[in-house]
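See below for the structure under consideration.
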Amino acid sequence: MFVHANARVSSQYLRVCKNNKVPLAADCRLGSKLTALKEYFEASYSILVEIGVKLGIVLWRKAAPQEQPQADAHLIDLTLKLIESEKYSLAKMILESFLFSIPAGNRNESISGTMVINLAQCSKWLGQEQDCHDLLKRFDWSATSPVYNLAIAVLNDDFTTSQKLMRIAPDAENIDKRDIESWPLFREFRKSREYEALKAEIMQDTSQSFKETGLPA
């Protein structure tokens, strides 16, 4: 309606809404003008992004099954950007679809683990702490790298364990100390006394600056 009719209600609009049981305001009649509040726009935006991403990834996997790892990597990168932009609900909807509704196929443990961690942090930042904890408990993390155990400790607000794992996790090949400074995952840990103590320890034991280590001063 906004694109093609300058937001003026048409007979087609009324018919489509009626056929799909869409509730309309009492003053919504032929020729009246629609309004779009920020909440409506953001909801519409989220739906369009969700549909586009799901359709694109599904078609990619279908057309080139040998490229599933690349498709999954792209999905992780995209949802992480949404998390960084604080679009937690949208990132959560997309991650839930591909974790639980689409067969994993040849998805490796690293990809699956990253998706779970990102989904868990979406729940946490949305204030859904129990959903976050319940999701983490559904998976066996015993054989995973210290990076995932660090992520779990951070999401569970276990900053004592986080501090211990922080000493060894950055040596893993898929994480850099700078990531600890920038990733949303470590947002609350960076505010903790344990993190402050870790920074002081690094300064005492090495001649490196925080900038060189990747830890914020």
*Which pairs in the list LYS38/LYS124; LYS124/LYS191; LYS54/LYS87; LYS137/LYS191; LYS92/LYS199; LYS164/LYS191 are over 21 Å apart, alpha-carbon to alpha-carbon?*
LYS38/LYS124; LYS137/LYS191; LYS92/LYS199
*Could you look at region 1-150 and say what percent of its accessible area is carbon and sulfur, using a 1.4 Å probe and all protein chains?*
58
*Once every Cα of region 1-106 carries one equal point scatterer and solvent is ignored, give the base-10 log of I(q)/I(0) from the Debye formula at q = 0.17, 0.21, 0.24 Å⁻¹, two decimals.*
-0.86, -1.04, -1.25
_1.4 Å probe accessible area per residue over the chain, in Å²_ = 61
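Over the chain, what is the mean sequence separation of C-alpha contacts under 8 Å (at least six apart), divided by residue count, expressed as relative contact order in percent?
On the way: 179 pairs, mean separation 23.8, N = 217.
The value is 11 percent.
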*If you find the alpha carbon centre of region 1-45 and of region 50-87, how far apart are they in angstrom?*
31
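Just subtract the alpha-carbon distance of LEU126 and LYS62 from 0.36 nm times their residue separation and send over the number in nm, one decimal. Write out the running numbers ahead of the final one.
Working: separation 64, 0.36 × 64 = 23.04 nm, distance 3.25 nm.
Length difference between fully extended and current span is 19.8 nm.
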_Nearest 10 degrees, 0 to 90: helix 68-84 Cα axis against the chain principal axis_ = 90
*Mean shadow of the chain, computed from the convex hull of its alpha carbons, in nm²?*
16.5
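In deg cm²/dmol and to the nearest 500, what is the mean residue ellipticity at 222 nm of the chain if only DSSP H runs of at least 4 residues count, each as -39500 (n - 2.57), divided by the residue total? Intermediate results must be reported in sequence, preceding the final value.
Numbers: 11 runs with 128 residues, N = 217.
Estimated from H runs of four or more residues: -18000 deg cm²/dmol.
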*GLU50 label point, 7 Å along Cα→Cβ, cut-off 20 Å on backbone N: hits in region 114-156?*
115-129, 131-132, 135
*Using every pair of alpha-carbon atoms in region 75-197, split the distances into 10 Å bins beginning at 0 and state the percent of pairs per bin, rounded to integers.*
13, 47, 35, 5, 0
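Find the relative contact order for region 1-65 and round it to a whole percent, using C-alpha pairs within less than 8 Å whose residues are 6+ positions apart.
Values: 28 pairs, mean separation 18.0, N = 65.
For region 1-65, the relative contact order is 28 percent.
The values are calculated or read from the model by the stated rules, or taken from the named source; none is laboratory data. Being a predicted model, the structure only gives us computed values, none of them experimental. Don't worry about glycine lacking a Cβ; one is built from the backbone with ideal geometry, like all the others, and counts go over all protein chains shown. Each accessible area value is taken on the protein alone, full model and side chains, heavy atoms only, with ligands, DNA and RNA left out. Shrake-Rupley method; radii C 1.70, N 1.55, O 1.52, S 1.80 Å.
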